Amino acid sequence: MTAPARPAARKPADRSTGRPRAGVVALPGRSLVRVGPVAMQIRRRSVLVAATLVVLLLGAGVLSLSLGTPYVAPVDVLRALSGAGTPYDLVVFDLRLPRLVLAAVAGAAFGVAGTLIQSVARNPLASPDVVGITQGAGLAATVALTGGAAAVIVAPAALAGGLAAAALLFALGARHGLAAQRFVLAGVAVAFALRALTEVVMLTADPIDGLRAQIWLIGTLAGKGWTEALWIAGTLVALLPVLAWAGWALNSTALDDDTARGIGLRPVARRVGLAGTGVLAAAMVTAQVGAVDFVALVAPQLARRLVRAERPPLVCAALLGALLLVLADLAGRRLFAPTQLPAGVLTAAIGGPYLIFLLVRGRRRSS
């Protein structure tokens with residue numbers, strides 16, 4: 001009696017061409033996309049969520065360009081953007097568009113940074129404002145603002161402070177291969193220490209300088225535009241090759257070190273690379289717009305829930321971060337007009353209830 005035939009095993013990629021062999025099929029819920037010798041599994045729900053977020057972001061952008069004094073009808077906004085020429089070109093292009101673009105690219109950078117840091121930490125509460133990057137930038141900016149430094153020095157000082165805080169974080173968390181729990185605990189310790197130093201500097205400074213530093217620490221887009229947006233966008237463009245690698249490398253962050261090494265990966269080097277990329281993006285965006293809290297915390301987890309994935313999706317988190325910051329800036333400009341609230345105040349109003357939701361959800365799971 002002959003044994004039943006085994007089902008054919010899925011064949012690996014052909015080493016000579018790099019193309020998947022005929023037995024490779026798409027996983028459930030995914031589509032197999034081939035670009036030359038490369039084949040990629042793309043989650044269909046991720047594409048749908050990303051397309052929806054793009055539409056929502058465009059709608060929020062038109063709304064942001066419309067609302068204000070003077071009010072510009074959405075039709076006139078679209079005509080101005082198309083180059084048809086309207087009486088509102090000055091309002092749209094010179095007054096509102098730079099701030100809108102800045103909000104979008106800054107929110108996207110926060111979303112990217114939060115995704116990378118949370119994935120390395122394996123903790124939904126890890127973000128640049130929790131592990132000390134924001135506090136390092138804030139301390140350096142506070143010292144510059146209260147020390148009489150020129151305005152052009154503040155952003156470079158904040159960038160240097162954020163990177164110095166990251167170096168301290170990596171030094172404290174490097175033992176045991178930058179393990180997730182140690183990384184988070186080291187970040188919280190660094191954040192508290194730097195926050196305390198910032199308070200000391202502000203209390204000993206001139207009241208006017210202290211107020212300027214306080215506004216910077218809250219995070220605002222007022223008075224900023226193309227220059228800051230170009231710095232952030234340039235950083236993201238320069239990091240694109242690394243981010244393309246990160247989108248693939250994030251798939252292995254949930255594996256323990258022994259399993260990762262068993263399949264030929266280098267988990268420590270991957271964690272350092274992912275965390276370093278997130279830190280650089282977070283330090284740059286914080287240096288340009290200030291300490292806008294909670295966007296990097298909320299966007300990755302909301303994106304993960306929308307996509308229903310096991311880890312935060314990088315592209316969707318970036319789009320959701322952009323949408324959140326655009327809406328927060330719009331609400332800050334219009335809710336209490338003519339008084340304008342900093343965007344950081346509105347993002348904190350979003351982040352507070354989100355943290356409460358996580359606590360309640362965690363208590364229900366434990367019970």
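Once you list every other residue whose beta carbon is under 12 Å from the beta carbon of residue 344, what net charge do they have if Lys and Arg are +1 and Asp and Glu are -1? Intermediate values should be presented prior to the final figure.
Values: positive: none; negative: 129, 293, 329.
My count for the surroundings of residue 344 gives -3.
Using the Karplus relation 6.51 cos²θ - 1.76 cosθ + 1.60 with θ = phi - 60°, the per-residue 3J(HN,Hα) values for the stretch 185-193 come to 5, 5, x, 5, 5, 4, 4, 5, 5 Hz, with x marking Gly and Pro.
Provide the net charge surrounding residue 322, with neighbours chosen by a C-beta distance below 14 Å and charges set as Lys +1, Arg +1, Asp -1, Glu -1. With Lys, Arg at +1 and Asp, Glu at -1, the neighbours total 0.
Neighbours of residue 219, meaning other residues whose beta-carbon lies under 13 angstrom from its beta-carbon, give a summed charge of -3 when Lys and Arg score +1 and Asp and Glu score -1. The H on the amide N of residue 126, modeled in the peptide plane, is under 5 Å from the matching H of no residue at least 5 residues off or on a different chain.
Based on the alpha-carbon gyration tensor of the stretch 120-160 and its eigenvalue square roots a ≥ b ≥ c, which shape applies: rounded if a/c is under 1.5, prolate if not and a/b is larger than b/c, or oblate? Judged from the Cα gyration tensor, the stretch 120-160 comes out prolate (a/c at least 1.5, a/b above b/c). For the stretch 219-225, putting each phi into the Karplus relation 6.51 cos²θ - 1.76 cosθ + 1.60 with θ = phi - 60° gives couplings of x, 9, 9, 5, x, 10, x Hz, in residue order, rounded to whole numbers and with x for Gly and Pro.
The heavy atoms of residue 245 present about 80 square angstrom of accessible area, all protein chains included, probe 1.4 Å.
By its C-alpha gyration tensor, with a ≥ b ≥ c as the square roots of the eigenvalues, how is the stretch 43-92 shaped: rounded for a/c under 1.5, else prolate for a/b larger than b/c, else oblate?
Working: a/c = 4.79, a/b = 2.51, b/c = 1.91.
The shape class here is prolate.
Rounded if a/c is under 1.5, else prolate if a/b beats b/c, else oblate: with a ≥ b ≥ c from the C-alpha gyration tensor eigenvalues square-rooted, which is the stretch 108-252? Cα axes put the stretch 108-252 in the oblate bin.
The values are calculated or read from the model by the stated rules, or taken from the named source; none is laboratory data. Note that the structure is a prediction, hence the values are computed from the model and not measured. Cβ atoms come from the backbone with ideal geometry, glycine included; neighbour counts cover every protein chain shown. The protein model used for the area step is the full one, side chains on, heavy atoms only, and it has no ligands, DNA or RNA in it. Shrake-Rupley method; radii C 1.70, N 1.55, O 1.52, S 1.80 Å.
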